[in-house]
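Peer 1: Would you mind keeping the following structure in view while I ask a few things?
The values are calculated or read from the model by the stated rules, or taken from the named source; none is laboratory data. In this text, all values refer to a predicted model and were calculated from it rather than measured experimentally. Glycine gets a Cβ as well: all are built from the backbone with ideal geometry, and neighbour counts include every protein chain shown.
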């Protein structure tokens, strides 16, 4: 855009004809600059959700010379490795311009994006009335009411990361399935504000829906607020502590019971105390010493520690429980710190966070994040393991 504004047009032509063009797009003007030619287009969406132009689009003259694209204005460019698309509303109008190497405008021209794609930006036998000159287009004013909402993606460590850019705000989203204090679809969010005003992110307005294959209908999916999720975390951690303490109590009781059994066995098999002298008749009593087997000794090896074993287990259990509480508190604080909350994102600032969507068996998800009076809608699809 800056390049176009800084270069004066040598000639402008708006009396144009062509034998074949896309139904929804028309060529409105051609400007000849010192070193390039700019084609101005207007389009009326005919139901497409997206539109883009591939950077290998060319202009071809009658001698079959090809002129390459230099710049695209108000229209995302894509190639084989990168997808960048204009997000369209059902009846949206849009304006954009394409700048090519300098083209001989006095010839019959073809503008060719893809001759095998019937929906491509292909104009055939374009002619300009070079005898009729037009006024220079004030580009900034011409596109002022036709801002681009751009959608694209890239791959990072095997995962697809999507973005939507609109009026200086860029929202990046990545979805994954997680199982942390519950099973969720988790969306990692990054909002960068390069616009000329502050932007409000209100998680309460975020919505999600999915087409459920088994039910054969589209349903709303629950988006958890920070409070919702923290309540689940606290509840899960509480039950974890209860089960852990219960298990430790059982261990302690088992050790104590084993020691008691050892003492009972010892009493049963120890030599009897010396008999009382009163009424004792040696002819009717004999002494048989008790010799425990190796198997018996190995089963009750802790007997040598006596009551100290029980005390040690009890103290160890208390230490484990205290450590668990500290660890759980630290983890809960970390999860809460990163979970998205209402925030005003000021100019030049970036905000990162995540949120959960309640899990339900599906293979697609549509998440809408309203900001700036616009919907930033991300669509995720995946294949479930069989």
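Peer 1: In the list 126, 155, which residue meets the criterion of being free of Cβ contacts under 8 Å to residues at least 12 places away in the same chain and either touching a strand residue (DSSP E or B) at 6+ places or on another chain (Cβ under 8 Å) or not assigned by TED's automatic domain parsing to the domain that holds residue 15 (or both)?
Peer 2: Working: 126 fails: free of Cβ contacts under 8 Å to residues at least 12 places away in the same chain.
Being free of Cβ contacts under 8 Å to residues at least 12 places away in the same chain and either touching a strand residue (DSSP E or B) at 6+ places or on another chain (Cβ under 8 Å) or not assigned by TED's automatic domain parsing to the domain that holds residue 15 (or both) holds for just one of 126, 155, which is 155.
Peer 1: So, of the residues in the stretch 135-156 that are part of a loop (DSSP other than H, G, I, E, B) and more than 22 Å from residue 79 (Cβ to Cβ), which turns out to be modelled with the lowest pLDDT?
Peer 2: 136
Peer 1: Inspect all residues belonging to the stretch 90-110 and state whether any of them is within 30 Å of residue 161 (Cβ to Cβ), within 29 Å of the chain's Cα centre (by Cα) and at pLDDT below 95.
Peer 2: yes
Yes/no matrix, rows are residues, columns are (1) modelled with pLDDT of 95 or more; (2) in contact with a helix residue (DSSP H, G or I) (Cβ under 9 Å, 6 or more places away or on another chain); (3) buried (at least 16 other Cβ atoms within 10 Å of the Cβ); (4) more than 19 Å from residue 235 (Cβ to Cβ):
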{"site": "325", "(1), (2), (3), (4)": "no, yes, no, no"}
{"site": "330", "(1), (2), (3), (4)": "no, no, no, no"}
{"site": "338", "(1), (2), (3), (4)": "no, no, no, yes"}
{"site": "348", "(1), (2), (3), (4)": "no, no, no, yes"}
{"site": "367", "(1), (2), (3), (4)": "yes, no, yes, yes"}
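Peer 1: Now for a different question. Can you give me the number of residues within the stretch 168-185 that are surrounded by 17 or more Cβ atoms within 10 Å (Cβ to Cβ) and touching a strand residue (DSSP E or B) at 6+ places or on another chain (Cβ under 8 Å)? Give the derivation first.
Peer 2: Our first condition is that a residue be surrounded by 17 or more Cβ atoms within 10 Å (Cβ to Cβ); within the stretch 168-185, this holds for 169-175, 181, 184-185.
Okay, now just the ones that are also touching a strand residue (DSSP E or B) at 6+ places or on another chain (Cβ under 8 Å), so 169-175, 184-185.
Number of matching residues: 9.
Peer 1: Among the residues of the stretch 39-57 satisfying the criterion of being in a strand (DSSP E or B) and within 25 Å of the chain's Cα centre (by Cα), which is farthest from residue 377 (Cα to Cα)?
Peer 2: 51
Peer 1: A further question follows. When you look at residue 72, is it at negative phi, part of a loop (DSSP other than H, G, I, E, B) and surrounded by 13 or more Cβ atoms within 10 Å (Cβ to Cβ), yes or no?
Peer 2: Numbers: at negative phi: yes; part of a loop (DSSP other than H, G, I, E, B): no; surrounded by 13 or more Cβ atoms within 10 Å (Cβ to Cβ): yes.
In short, no.
Peer 1: Looking at 68, 60 in this structure, which one is more than 36 Å from the chain's Cα centre (by Cα) and more than 19 Å from residue 18 (Cβ to Cβ)?
Peer 2: Exactly one of 68, 60 is more than 36 Å from the chain's Cα centre (by Cα) and more than 19 Å from residue 18 (Cβ to Cβ), namely 68.
Peer 1: Of all residues in the stretch 1-25 being at pLDDT 90 or above and closer than 17 Å to residue 134 by Cα, which is surrounded by the fewest Cβ atoms within 10 Å (Cβ to Cβ)?
Peer 2: Only one residue tops the list, namely 17.
Peer 1: When you scan the stretch 60-67, do you find a residue that is in contact with a strand residue (DSSP E or B) (Cβ under 7 Å, 6 or more places away or on another chain), buried (at least 19 other Cβ atoms within 10 Å of the Cβ), closer than 25 Å to residue 36 by Cα and without any contact (Cβ under 8 Å) to a residue 60 or more places away in the chain, even just one? So that I can check it myself, show each step before the final result.
Peer 2: Restricting attention to the stretch 60-67, the residues satisfying the condition of being in contact with a strand residue (DSSP E or B) (Cβ under 7 Å, 6 or more places away or on another chain) are 60-61, 66-67.
Within this subset, residues satisfying the condition of being buried (at least 19 other Cβ atoms within 10 Å of the Cβ) are none.
Checked against the condition, which is being in contact with a strand residue (DSSP E or B) (Cβ under 7 Å, 6 or more places away or on another chain), buried (at least 19 other Cβ atoms within 10 Å of the Cβ), closer than 25 Å to residue 36 by Cα and without any contact (Cβ under 8 Å) to a residue 60 or more places away in the chain, the stretch 60-67 yields no hits at all.
Here's the yes/no breakdown for (1) within 24 Å of residue 158 (Cα to Cα); (2) at pLDDT 95 or above; (3) not in a loop (DSSP other than H, G, I, E, B):
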| site | (1), (2), (3) |
| --- | --- |
| 178 | yes, no, yes |
| 185 | yes, yes, yes |
| 195 | no, no, no |
| 200 | no, yes, yes |
| 210 | yes, yes, yes |
| 214 | no, no, no |
| 220 | no, yes, yes |
| 230 | no, no, yes |
